[in-house]
Every structure is written in C-alpha cells, then in structure tokens.
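Input: a single structure, listed below in structure tokens.
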Amino acid sequence: MTYFSEMKEKVKNIKHKNEIIILGIETSCDETSAAVVRNGREVLGHKIASQIELHKKYGGVVPEIASRKHIEVINPIIDETIEEAGVTLADLDAVAVTHGPGLVGALLVGVSTAKALAYGLNIPLIGVHHIEGHICANYIAHQELTPPFLSLVVSGGHTHLIWAKDYGEYEILGQTLDDAAGEAYDKIARTLELGYPGGPIIDKLAKEGDANSVEFPRPYIKDPHYNFSFSGLKTAVINYLHTLNQRGQKYRVEDIAASFQQAVIDVLVDKTIKAAQDIKTDKVVLAGGVAANSALRDQLGQSCQERGIKLYYPNLLLCTDNGAMIACAGYYRLLKGKISDLNLNAVPGLALINKI
C-alpha cells in the first residue's frame, strides 16, 4: 500500500476523533511560523519568526535571503511550538503546510519540512493555499463564524473578493488586475523614503494628515465589476511627488500618506459593499496583512454597519502570515478527505480554484 492510499484510510478514523491536532507550517514569504491547533480553532502553541529587520535595508523582501533564513529557523520554531503546545510529535494527527502561492525558495523549505514530518510520523500531509489560510484565520478569531460569507483578502501580494460558499469551496468574484494593495503601499512608502514595510508606516502617518489634500484617482470605483487596479494610483502618486520635487515645492508627508490611503480604502470598501449587496450576504470577512490597517477596518466597519452587515477580522497577529491559519485550513481539508501525496511541490503561482 502506498503512503497516499494508507493515509486515505487513516483519515477515515481521524475524522471521528473527538480531538484532532494539526501542526501548521507557513513559509511563503518572510515569516517562518508554526502552530499546533486543536479541532481547527483552538491554538495550543504558535510561533512566528519575522525577517523584517533582515530585509529593511533593501526596501523589500530578497527571496534568497528569505529562503536561507527559513532554513536556519524552521526546526527550532517547530520545536518551540510543540513545547508551548504541551504535546509531542506523536500526538499530531496531520501536518498542514502552505505550498503556494509565494516565493518558490521559501515555500520549498516549509513543504520539504512538512513532507519529512508526515512521512516520518506516518500521518497525513495537507497542502494549503495561502489565501485560504488567510480567510481561515477568522475562524480562529471568531468561533461563531461559519460560511457562507464574502471575504476581502488584502495583502502585499493579493487583493481578492471571494465568495466562501462552504469550507474549502470558493468563487473569486474580483481581484487586482495589476498591483496588490499592499504592494502599492510598499512602493509609495519607498518613494517617500519611509522604510519597509510600508503599510503600518503609512497607516500611522495618515492619522496626522489631511486625506482631502490631494485628489488621487480611484481606479474602477464606478465600474460594475468587482476587480481592482492599483498600478495607476501608485503611478499617479509617484508622478505627483516627482513634480513637486522638480519644482522645489514642499509637501507634508502625512497629507500624501492620508490622501493615498484614502484612495485605496475608498475602492476596497466600495467594491466590497457592492459585492455584498449583490450576492445578498450579511457577513463580510476581512483577511490578509492589510486587514491590520486601522483606517480600512474603521471605514469598512462603518459601511457594513450602516447596511446591517456583520464585519469580521482577525487580531493583528493573525493578519500576518502565520502557521495557525494554515493548521485551521488543513483541519477543514482533512474533514473532507482532501489530503496530499508526498509528491506535493511548491507552486509559487498557485491559483485559487473554486474547490481547493
């Protein structure tokens, strides 16, 4: 009997256990994280090793540096997580890991580690889509949350509007046609020489600025579809700054940050509310790194409240790339028998299909 067929049989017994304990591993970009989660929603142990300080001087993530750092810390992170959880490797029922999308070298570290653990422990391996992980972070933060719902996933690499029909069943309603919102934040922050990552810095500065000082474009805000575009907005801000610099005109960084951020948030909120009303849902879930943005939370929250829609978003720790969200997603895949073979590979451009 092959590993895969043996695990298929094993899953039939695991699904009927009162307690299912899963180790989640996340290494898609510049965070190395592991978590032990019980029954999909109870976090027993969770560790995240950030690489922000390593990449700051380059103004963004350097893939080779990220990969090497993952190799250095992945085993200690898992050991610390297991210890914090108060379990042993023998207590694990499955290993879940992000296998895409992301940086191929970084993904390979997590995938290789997960495959070795699954094979050595003779337990199921579960490949998880990174975006699904972000959506599932809300199940940990909100125990009462169940599908169906609309999810706005916003991060450095993704901007999606997703209709979550059920656990593991998704329909993409809209997505960015060029830059992701978080990517635009980083590029504007770099132009303003604010440092990396740009999102938290711009969010903080925007609180001290005038969001009406500059009328930057709101791409596609009046269009009937749910797609996004942030490349033109990014270019408009950069050209505006270059023009001021060439003329020797002074400006308040806080005002630029506030005006740029308001343009991004107006589009995100408008598209999300339109989609929610069109599909007639009363639940909206915010996910991804940019879900930590205070202005986005406030404006989307107010817009949802005015229309009788409940908004959910995770705490700040679960907005970042983390192992807990991967373990949670892995749990619901396991319940549906969706496990992986040992030929699971890193897929940097992995698409979010309707049934993951």
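The values are calculated or read from the model by the stated rules, or taken from the named source; none is laboratory data. A quick note: this is a predicted structure, and the numbers were derived from the prediction, not measured. Note: ideal-geometry Cβ built from the backbone for every residue, glycine included; neighbour counts use all protein chains shown.
Only one of the numbered conditions (1) over 30 Å from residue 252 (Cα atoms); (2) in contact (Cβ under 8 Å) with a residue 60 or more places away in the chain; (3) not basic (Lys, Arg) is violated by residue 206, and that is (1). Residue count for the stretch 3-41 satisfying the condition of being in contact with a strand residue (DSSP E or B) (Cβ under 6 Å, 6 or more places away or on another chain) and among the polar types (S, T, N, Q): 3. Residue count for the stretch 13-49 under the criterion of being of a type in the set (A, V, I, L, M, F, W, C), within 16 Å of the chain's Cα centre (by Cα) and more than 20 Å from residue 316 (Cβ to Cβ): the result is 1. Take the conditions (1) more than 26 Å from the chain's Cα centre (by Cα); (2) modelled with pLDDT under 95; residue 239 misses just one of them, which is (2). When restricted to residues that are surrounded by fewer than 20 Cβ atoms within 10 Å (Cβ to Cβ) and either closer than 30 Å to residue 163 by Cβ or not hydroxyl-bearing (Ser, Thr, Tyr) (or both), the stretch 230-268 contains 19. Only one residue in 296, 286 is crowded, with 20+ Cβ neighbours inside 10 Å, over 21 Å from residue 144 (Cβ atoms), within 18 Å of the chain's Cα centre (by Cα) and not charged (D, E, K, R). Which one? 296 is the lone residue from the list that is crowded, with 20+ Cβ neighbours inside 10 Å, over 21 Å from residue 144 (Cβ atoms), within 18 Å of the chain's Cα centre (by Cα) and not charged (D, E, K, R). Residue 47 meets all of the listed conditions (1) at pLDDT 95 or above; (2) assigned to a helix (DSSP H, G or I) but one, namely (2).
In the condition set (1) in contact (Cβ under 8 Å) with a residue 60 or more places away in the chain; (2) of a type outside the set (Ser, Thr, Tyr); (3) under 22 Å from residue 125 (Cβ atoms), residue 19 is compliant with all but (1).
Being surrounded by fewer than 19 Cβ atoms within 10 Å (Cβ to Cβ), under 21 Å from the mean Cα position of the chain (by Cα) and β-branched (Val, Ile, Thr) is true of residue 52. Of 26, 84, 42, 19, all but one fail to be within 29 Å of residue 187 (Cα to Cα) and of a type outside the set (A, V, I, L, M, F, W, C); the exception is 26.
Return the residues of the stretch 88-100 that are crowded, with 24+ Cβ neighbours inside 10 Å and over 17 Å from the mean Cα position of the chain (by Cα); say none if nothing qualifies. Matches in the stretch 88-100: 94, 95. Scanning the stretch 333-356 for residues that are buried (at least 16 other Cβ atoms within 10 Å of the Cβ), within 21 Å of residue 171 (Cβ to Cβ) and in contact with an Asp or Glu (Cβ under 9 Å, 6 or more places away or on another chain) returns 333, 352, 356.
For the stretch 9-40, filtering for residues that are of a type outside the set (A, V, I, L, M, F, W, C) and either assigned by TED's automatic domain parsing to the domain that holds residue 289 or part of a strand (DSSP E or B) (or both) leaves 6.
The residues of the stretch 101-136 that are within 25 Å of residue 149 (Cβ to Cβ) and either surrounded by fewer than 23 Cβ atoms within 10 Å (Cβ to Cβ) or without any contact (Cβ under 8 Å) to a residue 24 or more places away in the chain (or both) amount to a single one, 101.
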